[in-house]
Amino acid sequence: MTVLPITVAILVAGGTYLLCQPGLVRIVFGITLLSHGANLVLLASGVSAWRGEPLTGTGDPSDAGDPLPMAFVLTAIVITLAVTVFMLALARIGHDDDTPHMPDTGENHRT
Amino acid sequence: MTGTFLPLLIVVPLVGAALGVLVPAAVARVLLVLSPVLTTAGGVALLVTHSDTPVLAHNVGAFVPGIAIPLVSDTLTAVMITVTGLTTTACIAFARITGEDRLRFFPALVLMLSAGVNGALLTGDMFNLFVFIEVMLLPSYALIAMTGTWRRLGVGRLFVVVNLVTSTILLIGIGLVYGVAGSVNLAILTEMDADDPRFQLAVAVVLLALVVKAGVVPMHGWLPRAYPATSASVMALFSALHTKVAIYAVFRIVQTVLDGAERWTTPLLVLFAVTMLVGAYGSLGERMIRRNLAWQMIAGVGYILLGVGIGTQLGLAAGLFYMVHHILVMGSLLLASGAIERAYRTHQFVGLSGLMSREPLLAVIMALGMMSLIGFPPSSGLFGKVGIARAAADLDGFRIWLVLGAVLLASVGTLLAMSRLWANVFWGPPFDEMPSRGSGRAEPPTVAEDTRVRARTLLPAGILLLTSLAIFVVPGPLWELCLQAADGLLDVGPYVEAVTGS
């Protein structure tokens with residue numbers, strides 16, 4: 001029962017540390033850790049250690065884990081993945097947060 | 001109108017977004033104009049419906065209440081959908097007039113953004129609130145990355161990181177709520193014991209994430225840095241939608257789930273008063289028009305949330321009234337600033353001077369907008385502040401002085417900030433007598449003798465401003481709607497009944 005909270009604590013602590021580091025790639029790693037921590041919190045709210053798989057035919061439904069948090073986690077994973085890809089693209093385009101010169105983005109329009 | 005129409009408000013813009021990628025650009029630009037007009041019309045239809053039916057609810061796919069995806073609309077939702085729809089229409093009209101909507105994916109992204117906004121306003125479930133806020137944010141990341149100055153590339157990172165970390169906190173909060181209550185459906189959560197400390201903590205984590213997204217001091221730093229780096233139309237869109245959706249969710253969750261926040265009145269009032277003051281005086285350090293206005297947005301967030309802090313029917317209605325006023329006026333000022341940028345290629349104070357004699361129409365629009373922001377007549381701002389002052393008068397003891405003093409001091413700050421903007425941009429010598437234009441780092445843009453702001457680029461700003469002036473002349477109907485919405489927040493009976501069907 002204590003494995004889950006300790007794992008969440010380690011993930012969140014590591015994620016927070018990486019978020020405070022310079023460089024967008026480190027921040028991306030930090031956010032990945034943080035979101036894994038969040039996903040485990042969600043899982044913990046439905047699938048506790050004493051519950052079985054929420055599949056029909058594998059046991060009494062009253063003993064099965066709650067499938068709703070798993071759906072939450074799935075949604076959250078997809079969203080984080082999409083944003084991570086976008087942030088890695090941003091990391092490739094700019095050089096740092098105070099980019100002093102206009103980077104070459106391949107654009108040719110004026111807005 | 002019945003509840004079965006509610007999903008259309010989300011589906012129509014979402015299908016429009018998908019089509020916007022597939023069809024030729026010219027068709028996509030028509031879809032882009034059509035969708036917010038339909039949203040506004042839907043909002044008005046909802047307002048009419050709510051004059052006799054207090055709440056409409058629909059469980060998508062007719063699943064059992066509690067498992068289904070609930071969409072709920074009451075007066076508060078309808079007011080928000082109408083006002084955000086109207087402002088979105090104005091922003092898109094501006095983007096169309098300036099040609100910004102020619103960017104290939106601009107129509108699709110804005111349509112997806114408005115689908116997310118409508119969804120977040122309609123949903124009756126915390127997890128779907130998170131999903132719709134993400135649907136709203138993902139296109140915003142792309143919009144920040146593709147419009148505005150090159151500064152956006154650095155600022156885009158800030159915006160993405162802040163919002164993603166905040167969303168993670170929101171998700172953790174929702175997980176905790178589910179763990180404590182076994183549901184994230186707002187109607188079912190009303191039955192929870194609001195004094196259970198575990199439940200309070202879980203909801204507090206959700207609210208923490210929402211106030212960061214709203215830009216409450218001391219978590220406001222990202223807003224005045226990120227927003228001004230985008231183009232004016234996108235900033236006006238964000239100012240009307242993003243922070244306001246978060247504020248809407250705070251109103252909804254505090255009132256329905258926590259039954260108000262009476263025990264926390266004093267700390268909340270102090271927090272929001274500080275937000276107003278920091279926002280109002282923060283403008284004084286800025287040297288660009290839209291950066292100036294971005295700080296005033298933070299002040300506006302403070303005013304609106306004072307309504308939740310006060311928590312009475314009058315307080316909630318006053319906060320809501322202020323929100324409507326603030327969305328309209330801020331949109332008008334930002335779009336007017338966009339018109340300046342369109343003609344003069346800069347919104348820096350150092351590059352602008354003497355616009356009052358050069359651009360009389362622009363000067364009138366900006367002057368009235370600024371007076372509205374400060375709270376002078378003839379504008380909706382006067383009644384916005386009167387409403388908050390009136391609601392504060394029902395508090396007891398020092399809290400009255402806290403709120404009234406903060407409103408007064410913040411208004412003085414806004415007045416100073418706006419007169420500084422006015423003196424720098426609208427007064428001063430004409431362009432050919434200016435000592436130097438530009439910041440010194442780049443070549444100053446040259447202004448031809450006959451450069452003028454085109455009248456049609458001022459049209460969207462003018463329409464939003466006229467709405468604000470109309471609210472000054474006839475404040476009654478909107479105030480009635482706000483009172484009705486506040487009633488809906490205080491008495492959650494009809495809301496629960498409509499969602500659970502019992």
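Where a number appears in this text, it was derived from the coordinates with a stated rule and is not lab data. Since the structure is predicted, the reported quantities are computational estimates derived from the model, not experimental observations. All Cβ positions, even for glycine, are placed from backbone atoms using ideal geometry, and neighbour counts span all protein chains on display.
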*Dimensions in Å of the range B:174-323 - Rg and Dmax from alpha carbons*: 16.2, 51
*Stick to the Cα atoms of the range B:304-452, pair each with every other, and give me the Kirkwood hydrodynamic radius in Å at one decimal.*
17.1
*asked:* What FRET efficiency comes out for B:Ile400 versus B:Glu480 if R0 is 25 angstrom and r is the Cβ-Cβ distance? Round to the nearest 0.05.
replied: 0.45
*asked:* For the protein assembly as shown, compute Rg over Rh where Rg is the Cα radius of gyration and Rh is the Kirkwood radius from the inverse mean 1/r over Cα pairs.
replied: 0.96
*Name the shape class, rounded, prolate or oblate, that the alpha-carbon gyration tensor gives for the range B:133-186, where a ≥ b ≥ c are the square roots of its eigenvalues, rounded holds for a/c under 1.5, and otherwise prolate holds if a/b is larger than b/c and oblate otherwise.*
prolate
*asked:* Can you work out the Karplus-derived ³J(HN,Hα) for every residue in the range B:75-81? Use 6.51 cos²θ - 1.76 cosθ + 1.60 with θ = phi - 60°, whole Hz, and x for glycine or proline.
replied: 4, 4, 4, 5, 4, 4, 5
*Could you work out how far apart the two model spin labels at B:Ala25 and B:Met434 are, taking each label as a point 7 Å from the Cα in the direction of the beta carbon, and quote it in nm?*
3.1
*asked:* Between helix B:398-425 and chain B, what is the angle of the helix's C-alpha long axis to the longest principal axis, kept within 0 to 90° and rounded to the nearest 10?
replied: 30
*Sticking with the crude label model, points 7 Å out along Cα→Cβ, report the distance from B:Leu8 to B:Val44 in nm, one decimal please.*
1.5
*If you place +1 on the Cβ of every Lys and Arg and -1 on the Cβ of every Asp and Glu, how big does the dipole about the Cα centre of the protein assembly as shown come out, in debye to the nearest 20?*
1980
*How far is helix B:106-122 tilted off the main Cα axis of chain B, in degrees rounded to 10, range 0 to 90?*
40
*asked:* Taking each pair of distinct Cα atoms in the range B:106-213 once, what is the resulting Kirkwood hydrodynamic radius in Å?
replied: 14.9
*Starting with the fewest neighbours, write out B:Val308, A:Val12 ranked by other beta-carbon atoms found within 10 Å of each beta-carbon.*
A:Val12, B:Val308
*So for the range B:188-249, Kirkwood radius off the Cα pairs, Stokes-Einstein at 10 °C and 1.306 mPa s: how many µm² s⁻¹?*
119
*Please say if the range B:1-48 is rounded, prolate or oblate, where rounded means a/c under 1.5 for a ≥ b ≥ c the square roots of the C-alpha gyration tensor eigenvalues, and otherwise the choice is prolate for a/b larger than b/c and oblate otherwise?*
oblate
*May I ask for the distance between the Cα centers of the range B:48-117 and the range B:239-295, given as a whole number of Å?*
22
*Rounded to whole Å and sorted largest first, what semi-axes of the equivalent ellipsoid does the C-alpha gyration tensor of the range B:250-344 yield via the square root of 5 times each eigenvalue?*
30, 15, 8
*Short version: what are the Cα gyration tensor semi-axes of the range B:1-128, square root of 5 times each eigenvalue, largest first, in whole Å?*
28, 16, 10
*Between the helical axis of B:476-490 and the dominant principal axis of chain B, each derived from Cα atoms, what acute angle in degrees is found, rounded to the nearest 10?*
40
*How many nm separate the modelled label positions at B:Arg198 and A:Ala82, each set 7 Å beyond the Cα in the direction of the Cβ?*
3.4
*Just round it to a whole percent: the fraction of Cα-Cα distances in the range B:270-317 exceeding 18 Å.*
34
_Of the trypsin sites (Lys or Arg not before Pro) in the range B:57-123, those whose Cβ has at most 16 other Cβ within 10 Å and which sit in DSSP loop_ = B:Arg104
*Semi-axes, largest first, in whole Å: what does sqrt of 5 times each Cα gyration tensor eigenvalue give for chain B?*
36, 26, 20
*Determine the calculated [θ] at 222 nm for the protein assembly as shown from helices alone, applying -39500 (n - 2.57) to every DSSP H run no shorter than 4 residues and normalising by the residue count; nearest 500 deg cm²/dmol.*
-23000 deg cm²/dmol
*asked:* On the principal axes of its Cα set, how long, how wide and how thick is the range A:1-65? Give whole Å, largest value first.
replied: 51, 22, 12
*Could you give the length gained on full extension between B:Ala62 and B:Arg263, defined as 0.36 nm per residue of separation minus the Cα-Cα distance, in nm?*
68.5 nm
*Would you please give the residues with an amide H less than 5 Å from that of A:Ala64, counting only those at least 5 places away or on a separate chain, with H modeled from the backbone geometry?*
A:Gly52
*asked:* With θ taken as phi - 60° and the coefficients 6.51, -1.76 and 1.60, list the Karplus ³J(HN,Hα) couplings across the range B:210-219 in order, rounded to whole Hz; mark glycine and proline as x.
replied: 5, 6, 5, 5, 7, x, 7, 4, x, 10
